[in-house]
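Have a look at the structure below before the remarks.
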Amino acid sequence: MSDETRYDIGMQVRKEVLGAEHVTQSQEQLTAFDADFQHFITETAWGSLWARPDLDRRTRSLVTIAILAAQGREELALHLRASQHIGVDPHEIAEVLLHVAVYAGVPAANTAFARAKEILHQQTTASESDSAQ
């Protein structure tokens, strides 16, 4: 598979997982400074890893949430929001974060639970607001 094809697949997967609006906004913010890095992420993370067939996107999302929560990474918020695009249930996220508490530590899970509550509440509120209209 050529690099350009891997990039194209990566953009497609990235839009499906993160949402087309988020990806479009990210692309609009590209500069000469970070363009190569963003191309690399799209090819490698999205075009190679997330496009592999042996784990479904829900499973990859939950694994990613667990890893980011365990490491205390700011990208956790992005993947918590993205999880809703691919059908991850908030209860599954809570289960994953309980797992993080045992294997990565209570402080990491506590921080992740707080962030997840904030993000999932925002999404629920926005969804209810859209339904009312």
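The values are calculated or read from the model by the stated rules, or taken from the named source; none is laboratory data. It should be emphasised that the depicted structure is a prediction, and the values quoted were computed from it without experimental measurement. Counting neighbours? That spans all protein chains shown, and the Cβs are built from the backbone with ideal geometry, glycine included.
All conditions in (1) touching a residue at least 40 places away in the same chain (Cβ under 8 Å); (2) within 14 Å of the chain's Cα centre (by Cα); (3) not assigned by TED's automatic domain parsing to the domain that holds Glu118 hold for Leu80, with the sole exception of (3). Scanning the range 4-35 for residues that are touching a helix residue (DSSP H, G or I) at 6+ places or on another chain (Cβ under 7 Å) and exposed (fewer than 14 other Cβ atoms within 10 Å of the Cβ) yields a total of 1. Considering only the range 107-121, I want to know if a residue exists there that is more than 20 Å from His22 (Cβ to Cβ) and acidic (Asp, Glu). Within the range 107-121 (the criterion being more than 20 Å from His22 (Cβ to Cβ) and acidic (Asp, Glu)), the answer is no, since none of the residues qualifies. Where residues in the range 41-61 are touching a residue at least 40 places away in the same chain (Cβ under 8 Å) and of a type outside the set (A, V, I, L, M, F, W, C), which of them is surrounded by the fewest Cβ atoms within 10 Å (Cβ to Cβ)? If we take residues in the range 41-61 being touching a residue at least 40 places away in the same chain (Cβ under 8 Å) and of a type outside the set (A, V, I, L, M, F, W, C), then Ser48 is surrounded by the fewest Cβ atoms within 10 Å (Cβ to Cβ).
Inspect all residues belonging to the range 58-65 and state whether any of them is of a type outside the set (Val, Ile, Thr) and more than 26 Å from Asp89 (Cβ to Cβ). No, the range 58-65 has no match at all.
If only residues of the range 62-90 that are surrounded by fewer than 20 Cβ atoms within 10 Å (Cβ to Cβ) and among the polar types (S, T, N, Q) are counted, the one that is farthest from Val17 (Cα to Cα) is Gln71. Within the range 13-40, work out how many residues are farther than 24 Å from Pro90 by Cα and in contact (Cβ under 8 Å) with a residue 12 or more places away in the chain. Of the residues in that region, 3 qualify.
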